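J.: Right, I'll just put the structure down here and ask away after.
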Amino acid sequence: MKILLKNGRIYDPRSGENRKADIAICNGIIHSIGKAIYDADEILDCCDKWIVPSVTDMHVHCFHKRTNLGLYADKIGICNNVRNLVDAGSCGADDIDDFMDDLSEMKTRVKIFINYSSIGLTKNSCELSENCWLDEDKLMKAIKKYPDVICGVKLRASKSVVKDKGTEPIRSGIQFAHRLHLPLMIHVGNEPPKLDEVLSLVEKGDILTHIYHGKKGGLFLENGELNKLAIKKYQKGVLFDVGHGSASFSFDVAEKAFKLGLIPHLISSDLHANNYPDKISSLAEIVTKIYNLGLNERQILDAISIRPAKILHLDNMIQVGNKADLSIVSFNKTDKKRYVDAEGNERIFDKQVVFERLVGSEVENHGLY
């Protein structure tokens with residue numbers, strides 16, 4: 001199978017690509033990049049579209065067999081032209097084998113940030129409240145058993161999760177991930193723990209998800225000033241993730257933060273069974289909101305393609321000889337449309353981000369197109 005992508009804007013800073021060019025693909029392998037004269041079985045006109053390493057949603061819940069939040073990965077992944085999903089803490093060490101069986105049925109590539117708690121999200125919302133659920137030996141065995149899929153550790157720093165434990169399980173989980181040099185994702189929301197308590201513990205490369213929420217104790221103080229420790233940690237390389245979800249994104253907070261330079265390193269949906277499809281429908285919807293709040297195309301693509309690929313060590317660099325593992329993305333002017341944040345606030349936007357298509361041997365062989 002020969003495919004030719006014509007006239008697209010290729011963007012992959014890892015390989016130094018940032019230009020308009022053609023990509024010729026033969027049997028799933030990138031054959032050439034440049035001006036192509038190629039006898040292709042299929043020619044795709046990518047004029048005014050971007051060609052990037054495959055798009056990733058860094059925060060979803062897709063353990064549908066054992067949690068109330070779990071969605072089918074393919075429903076929110078490959079069927080929406082999102083090649084890669086990261087399940088953010090649905091599963092702990094107790095159920096990792098079941099989750100792996102679950103994922104074996106999916107066409108979407110799924111990576112896991114395993115919950116620091118052995119029970120994950122299988123017992124409602126209190127997984128960090130009992131010491132008996134914090135078994136690091138069991139967690140270590142799970143990580144060693146599935147090193148290609150388990151890419152990080154997830155913690156939820158929220159009152160309903162830690163109960164009376166305060167920062168104790170958060171501190172322990174952070175130290176565990178740091179010892180293993182694993183990426184770490186921390187949910188921030190309803191205090192305690194306070195945001196400053198969490199910020200004091202995180203380091204470069206750690207991810208704070210839901211950071212643009214509109215709840216008390218967030219990025220902005222009661223006097224309207226931006227949290228100074230948040231600024232300091234951002235400047236030192238702590239990663240800010242949108243993690244929109246049902247209750248964790250405010251247009252006002254995000255817009256103020258963006259104007260002050262705290263733009264998201266990652267844009268994720270936090271799609272799960274309690275918000276899909278009535279409250280949010282796709283990663284593209286979330287990305288559209290962020291685009292309309294002022295980020296440019298490269299900033300968007302860094303947050304959904306380039307940076308996730310680095311964190312997850314995805315082998316999807318755009319260069320000759322590599323497997324084609326690509327997303328075609330467009331940024332379009334549209335009619336005005338109403339969007340709602342997690343606080344119920346409305347905005348009218350007239351731009352839209354569309355994930356047009358996935359291109360690569362794996363999706364082609366699955367008969368997606």
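J.: Find how much the distance from Gln235 to Lys216 grows on full extension, using 0.36 nm per residue of separation minus their present alpha carbon separation; answer in nm with one decimal.
T.: Extra length from Gln235 to Lys216 when fully extended: 4.5 nm.
J.: Turning to a different aspect of this structure: Rg and Dmax of segment 54-312 over Cα atoms: what are they, in angstrom?
T.: Both quantities, over Cα of segment 54-312: 16.8, 51 Å.
J.: Could I ask something else about it? What dipole magnitude, in Debye to the nearest 20, does segment 125-281 give about its Cα centre under +1 on Lys/Arg Cβ and -1 on Asp/Glu Cβ?
T.: With only Lys, Arg, Asp and Glu charged at Cβ, the dipole is about 280 debye.
J.: Explain nothing, just the number: relative contact order of segment 54-312, from Cα pairs under 8 Å at least 6 residues apart, as a whole percent.
T.: 17
J.: Here's another thing I want to ask about it. Between exposed GluC sites (Glu not before Pro) in the chain, where DSSP calls loop and at most 12 other Cβ atoms lie within 10 Å, what's the longest gap?
T.: For GluC sites (Glu not before Pro) (loop position, at most 12 other Cβ atoms within 10 Å), the longest site-free span of the chain is 226-369.
J.: Here is a follow-up. Springs between alpha-carbon pairs under 10 angstrom, Gaussian network model over the chain: which of Cys47, Cys62, Cys91 fluctuates most?
T.: Comparing Cys47, Cys62, Cys91 in the GNM, the peak value goes to Cys47.
J.: Taking every DSSP beta bridge that has both residues in segment 54-312, what percent is antiparallel when rounded to the nearest 5?
T.: Of all bridge pairs located within segment 54-312, approximately 5 percent are antiparallel.
J.: Could you give each residue of segment 22-37 its phi-based ³J(HN,Hα) in whole Hz, using Karplus coefficients 6.51, -1.76, 1.60 with θ = phi - 60°, and x for Gly or Pro?
T.: Whole-Hz 3J(HN,Hα) from phi for segment 22-37: 9, 10, 9, 10, 10, 6, x, 10, 5, 8, 7, 10, x, 8, 9, 10.
J.: Among the listed pairs Lys204/Lys259; Lys236/Lys279; Lys6/Lys333; Lys20/Lys333; Lys111/Lys228; Lys259/Lys333, which are separated by more than 28 Å between their Cα atoms?
T.: The answer is Lys236/Lys279; Lys111/Lys228.
J.: Suppose the chain between Asn190 and Glu297 were pulled fully straight at 0.36 nm per residue; how much longer would it get relative to their current alpha carbon spacing?
T.: In short, 35.3 nm is gained.
J.: Still on this structure, I have one more. Check which residues have an amide H placed less than 5 Å from Cys151's amide H, if you skip close sequence neighbours.
T.: Ile112, Phe113, Ile114
J.: Here's a follow-up. Over all directions, average the projected area of the Cα convex hull of segment 241-328 and note it in nm².
T.: 6.7
J.: In a GNM of the chain with a 10 Å cut-off on Cα contacts, which of Met317, Met140, Met58 has the highest mean-square fluctuation?
T.: Result for the chain, Cα springs under 10 Å: Met140 fluctuates most.
J.: What is the dipole size for the chain, taken about its Cα centre, with +1 at each Lys and Arg Cβ and -1 at each Asp and Glu Cβ, in debye to the nearest 20?
T.: Roughly 880 debye for the chain.
J.: Let me ask you something else. Projected area of segment 1-78, taken from the Cα convex hull and averaged over every viewing direction, in nm²?
T.: 7.0
J.: So what are the ³J(HN,Hα) numbers for segment 347-358, from phi and the Karplus equation (6.51, -1.76, 1.60; θ = phi - 60°), rounded to whole Hz, Gly and Pro as x?
T.: 9, 10, 10, 10, 10, 9, 9, 10, 8, 6, 6, 9
J.: Okay, moving on. For Thr334 and Val320, calculate 0.36 nm times their separation in residues minus their Cα-Cα distance, and state this gained length in nm to one decimal.
T.: Stretched out fully, the Thr334 to Val320 stretch lengthens by 1.5 nm.
J.: For a quick check: with amide H placed at 1.01 Å from N, whose amide H comes under 5 Å from Thr108's, ignoring anything fewer than 5 positions away on the same chain?
T.: Answer set, sorted by chain and number: Asp74, Ile78.
J.: Non-local amide H neighbours of Asn322 (under 5 Å, H modeled in plane, Pro and chain starts lacking H): which ones?
T.: For Asn322, whose amide H was placed from the backbone, the distant partners under 5 Å are Ile30.
J.: What trypsin sites (Lys or Arg not before Pro) does segment 199-239 have in DSSP loop regions with at most 16 other beta carbons within 10 Å?
T.: Here the trypsin sites (Lys or Arg not before Pro) that fit, given the DSSP loop and packing criteria, are Lys204, Lys216, Lys236.
J.: Select from His210, His61, His313 the residue whose mean-square fluctuation is largest in a Gaussian network model of the chain (Cα-Cα springs shorter than 10 Å).
T.: His313
Bear in mind that the values in this text are calculations on the coordinates, not laboratory data. No experiment lies behind these values; they were computed from the predicted model shown. Every residue, glycine as well, gets a Cβ built from its backbone with ideal geometry; the counts of neighbours run over all protein chains shown.
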